[in-house]
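See structure below.
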Amino acid sequence: CDLKTYMSEKSFYYGGQNRKDISLESSKRMFHQHYPSTFKDMFVAVTNTLVPREMIEDGLSRIRGLSPMQRPVYGYFEPIYDRTKPCDENSDVPFRIIGATFVPVSDEDVDKATCLRMLLPDERWRKRYYQGTDPIAVETGYSKMASIIWDRHLKAPVCLVNFRRQHDHQYSFLQCLLMGLYYDTDHSYGVKEGVPELLESNIGTNYSDYCERKGYYKKFIYNKQLPEKLMGGQRHIGIDNKGTRALNIIDRMAEVIRYYYKNIYFETIFNQLDRFVRKEGTENTWEKMDKNRDYDDALFALVYAYIASLCFEFQMPYEHNEEIVEARKVKFKMVRDSNWNLIRKPI
């Protein structure tokens, strides 16, 4: 099969086969079955994906064509401690966490990595980063803990945690918490609180309790802050992925990928998107093609991060101006001078 034959066949399949029993999307998937570009294409079924096949293929080929210097960096987060405040003996960390650093790993140590970082946090900006998390509920299981930082200025995900350590769920929790602190550029007077984070509330109790014990519960977005169609559920924080809300979440997922797929540089997202299909015999039910082999955690983390940014549409990202910000921080209190006259004193 030379290039001329390949392109001729692709043109035939992508142009449709003028058959009423085969849709254009099915025809495209049949082409990749017959002429696979990855080993997974050989086993793919003719089913409908959330977005057109060409978007997925374009994303994968674009990422694989990046030079080594342009690709996301594998690594993990380490906590920065306040060593004057020790934790109790039951804590998984010895001191109170006040920040985080990113530690890149080499190709030989990639098994140690818990995340992929595309861009560094830009400390000059405010109201720029938002986090979405699809947590794990128990210590053991198949799914992974996924969390994404959404850059509202660039309209792109810039960091992805997609990791699970069996029988040590607290380490997965810790990595997501540290990522939120690492990208917090809104902190005042050096005190970080974490970027605003939207959590899937159905299975997020253990993770939110963990963050609360570490002193970072306030970063979670309340259910009442969500767009109206996504409100509801049993918990007052996070988003409930059930009922009609589940359909609206899928609509948002399709929206963020269709609008911004060219800004996504994580191969994991496109690989999961390729295996995330409409359930047979339904119109609006979406699931993993193989529940025992495929993942969808990064997809839901992406849409939650995107929704988190929509909750703060009234706050536009802006570049920090030190002089203006310091001027606005001046406060006054009423005191008496030496003659007992009330005067305003700046503090």
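The values are calculated or read from the model by the stated rules, or taken from the named source; none is laboratory data. Because the structure is a prediction, the values reported are computed rather than measured. So basically every Cβ, Gly included, is an ideal-geometry build from the backbone, and we count neighbours across all protein chains shown. Accessible surface areas use protein heavy atoms only, side chains included; no ligands, DNA or RNA. Shrake-Rupley method; radii C 1.70, N 1.55, O 1.52, S 1.80 Å.
Computed quantities for the displayed model
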quantity	calculated
The chain - share of DSSP beta bridges that are antiparallel (%, nearest 5)	90 percent
Fully extended contour minus Cα-Cα distance, from Lys291 to Leu119, at 0.36 nm per residue	58.7 nm
About the Cα centre, charge dipole magnitude for segment 145-210 (Lys/Arg +1, Asp/Glu -1 at Cβ), debye	220 debye
Compactness of segment 113-171 as Cα Rg over 2.2 N^0.38 Å, two decimals	1.30
Label point distance in nm, Lys10-Glu280, each placed 7 Å from Cα along Cα→Cβ	3.0 nm
Rounded to the nearest 20 debye, dipole of segment 170-320 from Cβ charges on Lys, Arg, Asp, Glu	260 debye
Using a Förster distance of 45 Å, the FRET efficiency for Ser106-Tyr222 (Cβ separation, nearest 0.05)	0.60
Counting all C-alpha pairs of segment 200-299, share separated by more than 20 Å (%)	51 percent
Distance from segment 215-264 to segment 84-112 (C-alpha centre basis), Å	29 Å
Two-decimal Rg to Rh for segment 192-232 - Kirkwood Rh, Cα set	0.99
Relative compactness, segment 45-116, computed as alpha-carbon Rg over 2.2 N^0.38 Å	1.77
Gain upon complete extension [Asp168, Met231; 0.36 nm per residue less C-alpha separation]	19.5 nm
Calculated SAXS-style log₁₀ I(q)/I(0) at q = 0.12, 0.13, 0.15 Å⁻¹ - the chain, Debye, Cα scatterers	-0.92, -1.05, -1.32
Top positive-direction residue, dipole computed over the chain with Cβ charges, set Ala308, Ile97, Asn292	Ala308
Packing rank of 263-273, 236-246, 1-11, where each peptide gets the mean count of other beta carbons within 10 Å, highest leading	263-273, 236-246, 1-11
Dimensions (Å) - segment 92-243, Cα atoms, principal axes, largest first	45, 39, 31
Length gained when the stretch Met316-Tyr35 is fully extended (0.36 nm per residue, less Cα-Cα span)	96.6 nm
For segment 177-238, size of Cβ-based charge dipole, Lys and Arg +1, Asp and Glu -1, in debye	120 debye
Rounded percent of accessible protein surface that carbon and sulfur make up, the chain, 1.4 Å probe	50 percent
Peptide ranges 333-339, 315-321, 144-150, 179-185 listed from the most packed, as the mean C-beta count within 10 angstrom indicates	144-150, 179-185, 315-321, 333-339
Leading residue at positive end of dipole, segment 175-214 (Cβ point charges), from Pro196, Gln175, Tyr207	Gln175
